[in-house]
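Visitor: Below you'll find the structure I mean.
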Amino acid sequence: MEADEGLAVPVPPLRSMTMEKYRKVIAFFKELGFVFDISRFDDRLIAQKLVCLLELKGIDLGYSCSLYVRGPYSPDLTEDLYAFPAEFEALDTGSRLTPQEKETAGELGRIFGLKPVSLEVGATYGYYALRQGSDPLEAVRQVKRLKPFYSEAQIALGVSKAKEFLFTPTEKDLDALKEETGIWQRASLTSREPRGE
């Protein structure tokens with residue numbers, strides 16, 4: 001790190017910040033068991049959506065995402081994927097995840113797996129809901145407009161996964177869920193009661 005006498009706090013060179021950035025992403029890929037291949041479109045899409053979902057979850061990896069046809073996308077991440085393909089493909093990193101980051105990676109992997117469609121739909125929904133402040137119904141409408149090539153079921157699944165990963169239910173949400181499932185549970189129990197003939 002070079003010292004600049006005019007600065008109160010030493011600033012690391014930009015190159016070392018970039019290297020640390022992509023190494024942290026590799027650490028997440030390693031934790032997720034994602035073996036990246038630069039030549040595969042789906043792998044590049046998965047990489048983009050994983051990073052954008054982690055950013056939306058509040059993990060600052062240093063890759064800002066903007067909305068494109070295939071959902072949230074980071075040009076800076078694409079640049080690093082092509083600049084360091086050997087490191088990404090070998091999962092070669094000196095960076096380690098914190099226990100909280102490991103937990104978040106585990107949650108992301110459990111909810112989404114490495115399925116490109118769910119990741120694409122989920123990241124797009126999350127982008128509309130969190131970055132653009134759309135209410136849930138409007139966010140779904142926006143996803144459907146941007147992705148008419150996906151079925152209703154694919155969109156519903158991706159949105160459901162995004163909600164599970166990105167949003168923590170409030171006490172009010174949990175009460176509403178209990179009430180809703182309680183109705184179904186009571187109906188189920190009633191349907192099992194013997195009927196008089």
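The values are calculated or read from the model by the stated rules, or taken from the named source; none is laboratory data. Quantities reported herein were computed from a predicted structural model and do not represent experimental measurements. Reconstructed Cβ throughout: ideal geometry from the backbone, glycine too, with neighbour counts over all protein chains shown.
Visitor: Please work out if V121 is among the β-branched types (V, I, T), within 21 Å of D42 (Cα to Cα) and free of Cβ contacts under 8 Å to residues at least 24 places away in the same chain.
Guide: Numbers: among the β-branched types (V, I, T): yes; within 21 Å of D42 (Cα to Cα): yes; free of Cβ contacts under 8 Å to residues at least 24 places away in the same chain: no.
It is false that V121 is among the β-branched types (V, I, T), within 21 Å of D42 (Cα to Cα) and free of Cβ contacts under 8 Å to residues at least 24 places away in the same chain.
Visitor: Next question. State all residues of the range 121-143 that are assigned to a helix (DSSP H, G or I), surrounded by fewer than 17 Cβ atoms within 10 Å (Cβ to Cβ) and out of contact with any strand residue (DSSP E or B) (no Cβ under 9 Å at 6 or more places or on another chain); if no residue qualifies, say none.
Guide: Applying the first criterion (assigned to a helix (DSSP H, G or I)) to the range 121-143 yields 121-131, 136-143.
Still in the list and also surrounded by fewer than 17 Cβ atoms within 10 Å (Cβ to Cβ): 131, 136-138, 141.
Matches in the range 121-143: P136, L137, E138, R141.
Visitor: Hey, C52 hits all of (1) out of contact with any Cys (no Cβ under 7 Å at 6 or more places or on another chain); (2) surrounded by 18 or more Cβ atoms within 10 Å (Cβ to Cβ) but one; which does it fall short on?
Guide: So the condition that C52 fails would be (1).
Visitor: Return the pairs, sorted by first residue and then second, in which the second residue is aliphatic (A, V, I, L, M) and assigned to a loop (DSSP other than H, G, I, E, B), the first residue lies in the range 35-55 and is closer than 14 Å to E87 by Cα, the beta carbons are less than 8 Å apart, and the residues are 6+ apart or on different chains.
Guide: So the pair list comes out as V35/L91; F36/L91.
Visitor: Same structure, new question: Would you check which residues across the range 144-161 are in a helix (DSSP H, G or I), over 16 Å from S66 (Cβ atoms) and hydrophobic (A, V, I, L, M, F, W, C) and list them?
Guide: The first filter runs over the range 144-161 and keeps only residues in a helix (DSSP H, G or I), leaving 144-146, 152-161.
Checking the rest, the ones that are also over 16 Å from S66 (Cβ atoms) come to 144-145, 152-161.
Residues satisfying the conditions are A153, I155, A156, L157, V159.
Visitor: Only one of I59, I46, I38 is surrounded by 21 or more Cβ atoms within 10 Å (Cβ to Cβ) and either modelled with pLDDT under 95 or aliphatic (A, V, I, L, M) (or both). Can you tell me which? Outline the logic, then answer.
Guide: Details: I59 fails: surrounded by 21 or more Cβ atoms within 10 Å (Cβ to Cβ); I38 fails: surrounded by 21 or more Cβ atoms within 10 Å (Cβ to Cβ).
Sole residue among the options that is surrounded by 21 or more Cβ atoms within 10 Å (Cβ to Cβ) and either modelled with pLDDT under 95 or aliphatic (A, V, I, L, M) (or both): I46.
Visitor: Which one is nearest to I59 (Cα to Cα) among residues in the range 78-118 that are part of a loop (DSSP other than H, G, I, E, B) and free of Cβ contacts under 8 Å to residues at least 24 places away in the same chain? Steps first, answer last, please.
Guide: The initial filter retains those residues of the range 78-118 that are part of a loop (DSSP other than H, G, I, E, B), namely 84, 91-98, 113-115.
Of the ones still in play, those that are also free of Cβ contacts under 8 Å to residues at least 24 places away in the same chain are 98, 113, 115.
Values: T98: 11, G113: 19, K115: 21 Å.
Looking at the filtered set, the residue picked out is T98.
Visitor: Let me ask something additional. Which one of these does S118 not meet: (1) surrounded by fewer than 17 Cβ atoms within 10 Å (Cβ to Cβ); (2) closer than 24 Å to K30 by Cα; (3) among the polar types (S, T, N, Q)?
Guide: Single failed check for S118: (1).
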